[in-house]
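The values are calculated or read from the model by the stated rules, or taken from the named source; none is laboratory data. Note that the structure is predicted; figures quoted are calculated from it, not measured. Neighbour counts are summed over all protein chains in view; Cβ atoms, including those assigned to glycine, are modelled from backbone coordinates with ideal geometry.
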Amino acid sequence: MKHIISALVENKPGVLAHVAGMFAARAFNIDSLAVGRTEDPKLSRMTIVVVGDDKVLEQVRKQLAKIVPVVKVQDFAGQPVVARDLMLIAISAPAEKRPEILSLIEMFKGKVVDIGQKLVMVEVSGPEEKIEAFIDVCKPYGIKNVVRTGTIAMPRQAKTEPD
Amino acid sequence: MEPNSGNSIEAIDESSLKIGAQIIVDTLLEQGVETMFGYPGGVVLPLFDRLYDAPIRFINPRHEQGGCHMADGYARASGKVGVVVATSGPGACNLTTGLATAMMDSVPIVALTGQVRTELIGNDAFQEADTTGITRPVTKYNCIVKRVEDLARTIREAFYIASTGRPGPVLVDLPVDVQVAKCRHDGSKQMDLPGYRVRTKGNARQISIAAAAINSSEQPVLYVGGGVISANASEELRQLTEKAHLPVTTTLLGLGSFDQRKPESLDMLGMHGAAYANYAVQECDLLIAVGARFDDRVTAKLKTFASNAKIIHIDIDPASISKNVRVDIPVVGDAKLILAELLERVEFRERKPWFKKIADWKKKYPFSYDRQAATIKPQYVIEELCRQTASEATITTGVGQNQMWTAQFYRFIKPRQLISSGGLGTMGFGLPAAIGAQVAMPDATVIDIDGDSSFNMTMTELATAVQYNLPIKVCILNNGYMGMVRQWQELFYNKRYSHSFLTNPDYATVARAIGTVGITVDKKADVPGAIKEMLAQKQPCVVDFKIEREENVWPMVPAGKSLDEMDGLDMLESLA
């Protein structure tokens, strides 16, 4: 099962290497990893998507918490969260296909962020399934490049999304 | 003023400033360091200059690996933090085996390494290595100090992290410019470790549940590891076993936590453990693990390990719980505190049939060997050592057959008495660890029971023992093989002894060349006399015992088998 693990870590050199090294050394699989600063300049947030059974995930949480500069570890499995990926995707878009492509972008609430002679670059964010679905619908046109941030997530107050 | 001094605005009284190297030494003294091990080199010269007249005993090994094992032996023997220093690049790289050894066996060490100047880092400078990168997986924590203002706090934190919770090695990398930069050292004792928490007090509810399980168990076994020794909980363990009436088996690193002369002792369990310990674990209805981690050399085949038992696991490291086996009653915390609380809640229970069963196994399958043999049996040498030292010596070992025979045939009676590389299985550990232990306990009899191949790996440290007149004793069980490798090749590779034998030097001559006493023993009848002569020495002494060449360690659980599927039992039974 896929788990989203959120780790608050000290904003120090070597912490990312320590976390990544621990995952490699203990043969845990990272699906995605996103790191960024928090409102506190001394702390960073790592959001790690890990695949494994309950036993593996229990070890992942414990081994993470054991790393000295890791301050707090949360596993969001089983609780309501907002989880988002951000993607930049370059789609081949000859003039005659552009209206079609633009309507797809609109359906996915994407944003055109660059247009060239042959390509259009689109910014899409949302849950991972939405990102995957957008990639699927773009495939017939030809995808030149995809860059994704990996999932970030935050627990929500309300039980469901407002929309 | 130095460019990276912290006191930038107000006028500075130069005399109140200290250089980084002095701050390091002051912080070591603040932490109670009396002894250090280490090897100088280019980028640690500022630190060595400050150590020149510091009130710290300094021991120079011949190789940094030896220095790290010495710090390890010192720490295991004394319970204090072992400190080792090395220079950058090769010096730091040479520490890695020692750090990994300490990491696996949870030994508190602080390693200080020199590093090239901060502005050169990453440029492939002379003797530069990415020390924190290389040592990250083999340390509990490591870091590099880039500002002299952070030095005292970081070193203080290193000692705290190394010695608390599940102990382990911590490395601090020290660029040479930070060692000579100046700042005001105000003597504050600050630490800043928001991510480091240690749970020492066990959960009261869990302890009650554990006590109830013990009180209702008909066939319990205590399975004790090195954690009981590092927690200094042997006395609590003894009281618990007496009050609740429990049999005790220990891991290799747990030997000494429980007096092996007591009837409740089942000695060591595992791959080369006692048959009675392995049977008891497999048949118990309650396994009480304390400060042990269900290592594969203990459990054998995991699926069938103690399969009828409910499992209590007491450990300070939450990550050890349910890592290898599913634990029914986990209690996270300090073994000393938890055992003391458990003691208040347990009741005596006779368990007559269980103890009878254990006594029968003990009678049927004792550790044994052919006592009538004309050759020198390694087990005989160890029994004789145990007899002549009255079970009181501090013993270190190499790795392999010598280590297993020591575990089987020396009777350990007190904690910190056996110092052996368990988890990592580091050949060459015995001699430098003995040196470290002797430094910690100048008056103790410290004996390295070693194999010839293990001894070969670090025998250069004999010169260290001679230089500092540390009267360690080395007993080489010399069979001219890498004994355990040969045993496996005999049993599993059709006696194809592929590269498992060496042409050894004459060790007695080597000892004499290094400036101390060497004795060769090739007759069984000479064994007691040679040991007597060795123990009488006030200087280092090497005894080369030419043992039976193809002796094997029995019993043995072959790889992939269950803990009670031991080979060699027929032989033990016939010798019983």
Handout entry: Only one of B:MET459, B:MET484 that is more than 28 Å from B:GLY82 (Cα to Cα), among the hydrophobic types (A, V, I, L, M, F, W, C) and surrounded by 20 or more Cβ atoms within 10 Å (Cβ to Cβ)
Key = B:MET484
Completion exercise
Restricting the stretch B:474-492 to residues that are more than 22 Å from the chain's Cα centre (by Cα) and assigned to a strand (DSSP E or B), the one farthest from B:ILE382 (Cα to Cα) turns out to be B:TYR481
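Can you tell me which residue within the stretch A:59-84, out of those that are in a loop (DSSP other than H, G, I, E, B) and over 15 Å from A:ARG26 (Cβ atoms), is farthest from the other protein chains (Cβ to nearest Cβ)?
From the stretch A:59-84, those in a loop (DSSP other than H, G, I, E, B) are A:67-69, A:76-80; that's our starting set.
Checking the rest, the ones that are also over 15 Å from A:ARG26 (Cβ atoms) come to A:68-69, A:76-80.
On the way: A:VAL68: 4, A:PRO69: 5, A:PHE76: 20, A:ALA77: 17, A:GLY78: 19, A:GLN79: 21, A:PRO80: 27 Å.
It comes out as A:PRO80.
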Handout entry: B:MET191, sole failed condition from (1) of a type in the set (A, V, I, L, M, F, W, C); (2) buried (at least 24 other Cβ atoms within 10 Å of the Cβ); (3) touching a helix residue (DSSP H, G or I) at 6+ places or on another chain (Cβ under 6 Å)
Key = (2)
Fill in the blank from the handout: Out of (1) among the charged types (D, E, K, R); (2) modelled with pLDDT under 95; (3) farther than 24 Å from B:THR139 by Cα, the one A:GLU39 does not meet is (2)
Handout entry: Within the stretch A:42-55, tally of residues that are at pLDDT 95 or above and out of contact with any His (no Cβ under 8 Å at 6 or more places or on another chain)
Key = 7
Practice task
Give me a count of the residues in the stretch B:487-508 that are surrounded by 13 or more Cβ atoms within 10 Å (Cβ to Cβ) and either at pLDDT 95 or above or more than 20 Å from B:GLY400 (Cβ to Cβ) (or both).
Solution key: 12
Practice task
Determine which single condition A:VAL56 fails, assuming it passes every other condition in (1) within 14 Å of chain B (Cβ to nearest Cβ); (2) in contact with a Phe, Trp or Tyr (Cβ under 7 Å, 6 or more places away or on another chain); (3) not in a helix (DSSP H, G or I).
Solution key: (3)
Handout entry: Search result, residues across the stretch B:153-186 that are of a type in the set (S, T, N, Q), in a helix (DSSP H, G or I) and within 14 Å of chain A (Cβ to nearest Cβ)
Key = B:THR154, B:SER163
Exercise for the section: Working carefully through the options B:VAL116, B:VAL176, B:VAL198, find the one that is touching a residue at least 12 places away in the same chain (Cβ under 8 Å) and within 24 Å of the chain's Cα centre (by Cα). Expected result: B:VAL198
Practice task
May I ask you to verify whether A:SER103 is over 20 Å from the mean Cα position of the chain (by Cα), away from every other protein chain (no Cβ under 14 Å) and either surrounded by fewer than 18 Cβ atoms within 10 Å (Cβ to Cβ) or outside any strand (DSSP E or B) (or both)?
Solution key: yes
Practice task
Could you tell me which residue of the stretch A:117-163 is farthest from A:ALA34 (Cα to Cα), considering only residues that are part of a loop (DSSP other than H, G, I, E, B) and charged (D, E, K, R)?
Solution key: A:LYS118
Practice task
Being of a type in the set (Gly, Ala, Ser) and touching a helix residue (DSSP H, G or I) at 6+ places or on another chain (Cβ under 9 Å) is the filter; apply it to the stretch A:72-88 and report the residue that is modelled with the lowest pLDDT.
Solution key: A:ALA77
Handout entry: Cβ pairs under 6 Å, 6+ apart, first in the stretch B:306-317 and away from every other protein chain (no Cβ under 14 Å), second aliphatic (A, V, I, L, M) and part of a loop (DSSP other than H, G, I, E, B)
Key = B:ILE311/B:VAL327
Exercise for the section: Look at B:LEU424 and say whether it is out of contact with any strand residue (DSSP E or B) (no Cβ under 7 Å at 6 or more places or on another chain) and more than 11 Å from B:VAL474 (Cα to Cα). Expected result: yes
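For the condition within 14 Å of another protein chain (Cβ to nearest Cβ), among the β-branched types (Val, Ile, Thr) and closer than 23 Å to A:GLN63 by Cα, what is the one hit in B:VAL290, B:VAL331, B:VAL327, B:VAL298? Don't jump to the end; show me each part of the working.
Working: B:VAL290 fails: within 14 Å of another protein chain (Cβ to nearest Cβ); B:VAL331 fails: within 14 Å of another protein chain (Cβ to nearest Cβ); B:VAL298 fails: within 14 Å of another protein chain (Cβ to nearest Cβ).
It is B:VAL327.
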Exercise for the section: Report yes if A:MET154 is over 27 Å from A:ILE5 (Cβ atoms) and out of contact with any helix residue (DSSP H, G or I) (no Cβ under 7 Å at 6 or more places or on another chain), otherwise no. Expected result: no
Practice task
State yes or no: is B:VAL527 surrounded by fewer than 24 Cβ atoms within 10 Å (Cβ to Cβ) and not polar (S, T, N, Q)?
Solution key: yes
Practice task
Could you check, for the stretch B:45-53, whether at least one of its residues is of a type in the set (A, V, I, L, M, F, W, C), touching a residue at least 60 places away in the same chain (Cβ under 8 Å), surrounded by 18 or more Cβ atoms within 10 Å (Cβ to Cβ) and in contact with an Asp or Glu (Cβ under 7 Å, 6 or more places away or on another chain)?
Solution key: no
Handout entry: Elements of type helices (runs of 4 or more DSSP H) in the stretch B:340-422, at least 1 residues being among the small types (Gly, Ala, Ser)
Key = B:352-364, B:401-409
Handout entry: Residue ID - surrounded by the most Cβ atoms within 10 Å (Cβ to Cβ), chosen from residues in the stretch B:143-169 that are among the acidic types (Asp, Glu) and touching a residue at least 24 places away in the same chain (Cβ under 8 Å)
Key = B:GLU157
Exercise for the section: Looking only at the stretch A:122-133, decide whether some residue is away from chain B (no Cβ under 14 Å) and touching an Asp or Glu at 6+ places or on another chain (Cβ under 6 Å). Expected result: yes
Exercise for the section: Kindly list the number of the only condition in (1) without any contact (Cβ under 8 Å) to a residue 40 or more places away in the chain; (2) surrounded by 24 or more Cβ atoms within 10 Å (Cβ to Cβ) that fails for B:LEU302. Expected result: (2)
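When the residues of the stretch B:187-237 are narrowed to those that are within 14 Å of chain A (Cβ to nearest Cβ) and of a type in the set (A, V, I, L, M, F, W, C), which ends up nearest to B:VAL346 (Cα to Cα)? Reasoning before the result, please.
Taking the stretch B:187-237 as the starting set, the residues that turn out to be within 14 Å of chain A (Cβ to nearest Cβ) are B:191-199.
Next, only the ones that are of a type in the set (A, V, I, L, M, F, W, C) stay: B:191, B:193, B:198.
Working: B:MET191: 40, B:LEU193: 38, B:VAL198: 26 Å.
The qualifying residue nearest to B:VAL346 (Cα to Cα) is B:VAL198.
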Problem - Residues that are part of a loop (DSSP other than H, G, I, E, B) and more than 12 Å from chain B (Cβ to nearest Cβ), drawn from the stretch A:34-53 - result: A:THR38, A:GLU39, A:PRO41, A:GLY52, A:ASP53
Fill in the blank from the handout: Within the stretch B:203-239, residues surrounded by 24 or more Cβ atoms within 10 Å (Cβ to Cβ) and assigned to a loop (DSSP other than H, G, I, E, B) come out as B:GLY225, B:ALA231, B:ALA233
Exercise for the section: Could you check how many residues of the stretch B:549-564 are over 16 Å from B:MET404 (Cα atoms) and touching a Lys or Arg at 6+ places or on another chain (Cβ under 8 Å)? Expected result: 4
Practice task
Would you point out the residue of the stretch A:12-33, among those that are part of a loop (DSSP other than H, G, I, E, B) and within 11 Å of chain B (Cβ to nearest Cβ), that is modelled with the highest pLDDT?
Solution key: A:ARG26
